[in-house]
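The values are calculated or read from the model by the stated rules, or taken from the named source; none is laboratory data. These figures come from a predicted structure and were not determined experimentally. Glycine also receives a Cβ, built like all others from the backbone with ideal geometry; neighbour counts cover every protein chain displayed. Surface accessibility is based on the protein's heavy atoms, side chains included, excluding ligands, DNA and RNA. Shrake-Rupley method; radii C 1.70, N 1.55, O 1.52, S 1.80 Å.
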Amino acid sequence: MKPLTIVAVSAGLGVPSSTRLLADRLAEATRQRAADGTARPVEVRVIELRDLATDIAHNMVTGFPSPALGEAIEAVTAADGLIAVTPIFTASYSGLFKSFFDVIDHTALTGKPVLIAATGGTARHSLALEHALRPLFAYLRAMVVPTAVYAASEDWGTGGSGPGGALTERVERAAEELAGLVRGSTGTPATHGADDLDDVVPFAEQLAALRAG
């Protein structure tokens with residue numbers, strides 16, 4: 001049985017990185033929800049763009065990806081669901097994050113279920129998800145889930161990232177939405193909790209229409 005695949009792209013630069021931490025949490029939450037009620041295996045992979053920075057720069061000027069970058073691009077474009085996480089620099093996504101998606105064919109993400117997320121030092125930058133990331137993936141004709149996840153520095157240190165915390169609730173809601181689209185796009189009914197998300201069904205219908213057209 002072919003597994004469902006979830007790929008998370010992290011554009012964090014530090015080690016350790018709060019961007020990678022958020023990508024890991026979103027990927028695991030999505031994996032759990034996508035696996036609910038089905039025997040179909042779910043595979044998760046996190047791609048660290050910092051490890052591909054030089055390859056991305058070379059691709060920008062030569063037009064040809066290195067083997068490592070080519071394999072990462074293939075993983076992203078072939079995935080059943082994508083999680084895209086960037087740090088916020090100067091009120092927008094990072095240059096590394098944008099450059100990676102610039103070297104992917106602009107039609108390769110058509111109909112792809114995508115969850116967008118970001119990290120930053122202050123909550124004031126959270127709107128970058130709506131004025132920068134969401135338009136980017138809309139241009140690429142991806143199916144972006146309704147809930148975007150932003151984690152400011154205080155979200156990690158005030159209990160917000162623990163059970164019942166605000167960040168945890170956003171992560172779980174977004175993961176549920178992405179899992180619903182991923183399972184819906186492969187013909188597997190999605191399993192939702194008590195707080196069913198009304199937006200998941202319309203998004204799944206849009207996804208089916210895009211792929212049919």
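A few remarks follow.
- Residue in segment 131-142 that is part of a loop (DSSP other than H, G, I, E, B) and either under 21 Å from GLU176 (Cα atoms) or open to solvent by 30 Å² or more (accessible area, probe 1.4 Å) (or both) present: yes
- Scanning segment 74-108 for residues that are part of a strand (DSSP E or B) and more than 20 Å from THR5 (Cα to Cα) yields THR86, PRO87, ILE88, PHE89, SER92, TYR93.
- Residue within segment 53-64 that is more than 16 Å from PRO3 (Cβ to Cβ), open to solvent by 40 Å² or more (accessible area, probe 1.4 Å) and part of a loop (DSSP other than H, G, I, E, B) present: yes
For every residue, the table says whether it meets (1) surrounded by 15 or more Cβ atoms within 10 Å (Cβ to Cβ); (2) modelled with pLDDT under 95; (3) at negative phi; (4) over 20 Å from the mean Cα position of the chain (by Cα).
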{"residue": "VAL145", "(1), (2), (3), (4)": "yes, no, yes, no"}
{"residue": "ALA152", "(1), (2), (3), (4)": "yes, yes, yes, no"}
{"residue": "GLY159", "(1), (2), (3), (4)": "no, yes, no, yes"}
{"residue": "THR168", "(1), (2), (3), (4)": "yes, yes, yes, no"}
{"residue": "ALA174", "(1), (2), (3), (4)": "yes, no, yes, no"}
{"residue": "GLY184", "(1), (2), (3), (4)": "yes, yes, yes, no"}
{"residue": "PRO189", "(1), (2), (3), (4)": "no, yes, yes, yes"}
{"residue": "ARG211", "(1), (2), (3), (4)": "no, yes, yes, no"}
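- Matching option when the condition is farther than 22 Å from THR110 by Cα and modelled with pLDDT under 95, among ASP55, ASP36: ASP36
- Some residue of segment 63-83 being under 26 Å from ARG173 (Cβ atoms) and in contact with an Asp or Glu (Cβ under 6 Å, 6 or more places away or on another chain): no
- The residue that is surrounded by the fewest Cβ atoms within 10 Å (Cβ to Cβ), among those in segment 110-121 that are assigned to a loop (DSSP other than H, G, I, E, B) and touching a helix residue (DSSP H, G or I) at 6+ places or on another chain (Cβ under 7 Å), is GLY121.
- Top-ranked residue in segment 1-45 [being among the hydroxyl-bearing types (Ser, Thr, Tyr) and part of a loop (DSSP other than H, G, I, E, B); ranked as surrounded by the most Cβ atoms within 10 Å (Cβ to Cβ)]: SER17
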